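Let me begin by presenting the structure, written as C-alpha cells, before commenting on it.
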Amino acid sequence: GNTATANGGALFSPDGAGNDPIAVRQSRFTGNSAPRGAAIGGADYWHGEYYLENCLVAGNLGGYAITASGYRVLNDYAVDIVHSTIVDNPGGGISVTYNGEASDLGVRVRDSIVANNGAVGVHFNRNGGTGTAVLEYNDVWGQASNYLGDAAAGAGAMSVDPGFKASGGEAYTLGTSSPLIDAGTNLGIAVDLLGLARPDGAGYAMGAFEVPVPEPSALTLLAAAG
C-alpha cells in the first residue's frame with residue numbers, strides 16, 4: 001500500500017552502477033502505486049538491476065508493475081525474474097528499456113506467470129543495443145498484447161488461463177487442475193513463496209506457489225427431523 005509520485009511505488013534503486021542486483025526473495029508487492037514502476041523500479045537515467053525470486057506482484061496501480069530503463073547495468077540483466085507471479089496490475093506487467101551500456105544483458109523471466117496486466121504483459125525495447133529478452137517456461141496470458149517490442153515467447157512458453165484457486169486461502173495459488181503444474185523447468189529453486197518444497201510432483205510449477213490447492217468441498221446442511 002505504498003505510493004510514490006514518480007518511480008517505484010514500493011522499491012526503487014536510483015543507481016545500478018555495475019553493482020550486484022537488488023535481490024528480493026519470497027516477498028509480496030501488493031496495492032502500491034507510482035506512474036513508473038507501480039511496484040518496483042522506474043525510469044531514471046541511472047536506474048537498474050533487480051532480481052526477483054518467489055515473489056507475488058499483484059494489484060499495483062499506475063505504470064508497469066516492474067520497470068527498468070537504466071544506463072549502467074553492467075554484465076547483468078536489468079530485470080531478472082524467476083518463479084514469480086505478476087498479475088492484475090492494470091498498468092502493465094514488465095517493461096525494460098536498454099539505455100546505452102553495451103554490457104546490459106536485457107531482461108530475463110523464467111518459470112513465471114504474467115497474467116491479466118492490462119494492455120501489455122512483457123515489453124522490451126532493445127533500443128539499438130545488444131541486450132535480449134530471455135523469456136522461458138512462462139505463462140503470459142490475458143493482456144491485450146502479451147508481448148511488445150523486442151519481447152517474444154521463448155522455450156516452454158504457454159498462454160493459457162493459469163487456473164488460480166477460485167476462492168479462499170492464498171490468493172494466486174494454483175488450483176489442482178491448473179495447466180501450469182509441472183510445466184516449469186528446474187532452476188535450482190528449492191522452495192516456493194510459502195517455503196514449501198519444490199518440486200511437488202513430477203516437475204516444477206510456474207509462478208510463486210508450487211503446491212496446488214484444492215477447492216473446498218460443497219457442504220449441504222439438512223434440517224433436523226422434528
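The values are calculated or read from the model by the stated rules, or taken from the named source; none is laboratory data. None of these values were measured; they are calculated from a predicted model. Neighbour counts run over all protein chains shown; Cβ positions are idealised from the backbone, glycine included. Note: areas computed on protein heavy atoms with side chains; ligands, DNA, RNA excluded. Shrake-Rupley method; radii C 1.70, N 1.55, O 1.52, S 1.80 Å.
Observations, loosely collected:
- Selection from the range 23-50 of residues that are touching a strand residue (DSSP E or B) at 6+ places or on another chain (Cβ under 7 Å) and under 19 Å from Glu210 (Cβ atoms): Val24, Arg25, Arg28
- Matching option when the condition is touching a residue at least 40 places away in the same chain (Cβ under 8 Å) and within 22 Å of Arg126 (Cβ to Cβ), among Asn89, Asn60, Asn54, Asn75: Asn75
- Members of the range 1-48 found to be polar (S, T, N, Q), modelled with pLDDT of 95 or more and surrounded by 22 or more Cβ atoms within 10 Å (Cβ to Cβ), listed by number: Asn32
- Hey, Asn116 modelled with pLDDT of 95 or more, surrounded by 16 or more Cβ atoms within 10 Å (Cβ to Cβ) and polar (S, T, N, Q) or not: yes
- The range 134-172 - residue that is polar (S, T, N, Q) and either modelled with pLDDT of 95 or more or in contact with a helix residue (DSSP H, G or I) (Cβ under 6 Å, 6 or more places away or on another chain) (or both) and, of those, surrounded by the most Cβ atoms within 10 Å (Cβ to Cβ): Asn138
- Pair list, Cβ < 7 Å and 6+ apart or interchain, from the range 183-209 residues that are modelled with pLDDT of 95 or more to residues that are open to solvent by less than 10 Å² (accessible area, probe 1.4 Å) and of a type in the set (Val, Ile, Thr): Leu187/Val82; Ile189/Val82; Met206/Ile113; Gly207/Thr85; Gly207/Ile113; Ala208/Thr85; Phe209/Thr173
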